[in-house]
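The values are calculated or read from the model by the stated rules, or taken from the named source; none is laboratory data. Here the structure is a predicted model, which is why all the values come from computation and not from measurement. A quick note on method: Cβ atoms are made from the backbone with ideal geometry, for glycine too, and the neighbour counts reach across all protein chains shown. The protein model used for the area step is the full one, side chains on, heavy atoms only, and it has no ligands, DNA or RNA in it. Shrake-Rupley method; radii C 1.70, N 1.55, O 1.52, S 1.80 Å.
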Amino acid sequence: DFPRDAANELERILDASASDIRAHLTLGNLYAERLGEVARARTHYQRVLELAPSHSQAGAIRYWLVSHPQ
């Protein structure tokens, strides 16, 4: 139950591998659900869709993005 620490570690992973879809998705989830940082969540969710438009969570991500405009 240390979402901020988890987010920091995932950001470090992305520093080494900017195209890691799982890290982007997990960060999007952390920022959206646990940390309340909508802008950061949007950035990572959008990156998931850029990297994998047909990702299994793409529909849910698109719905979230529409439900949480900038």
- Item | Close pairs (8 angstrom Cβ cut-off, 6 or more residues apart or separate chains): more than 15 Å from GLU33 (Cβ to Cβ) and open to solvent by 70 Å² or more (accessible area, probe 1.4 Å) in region 47-68, aliphatic (A, V, I, L, M) and modelled with pLDDT of 95 or more anywhere | ARG62/LEU49
- If you scan region 1-57, which residues turn out to be outside any helix (DSSP H, G or I) and over 23 Å from SER67 (Cα atoms)? ASP1, PHE2, SER17, ALA18, SER19, ASP20
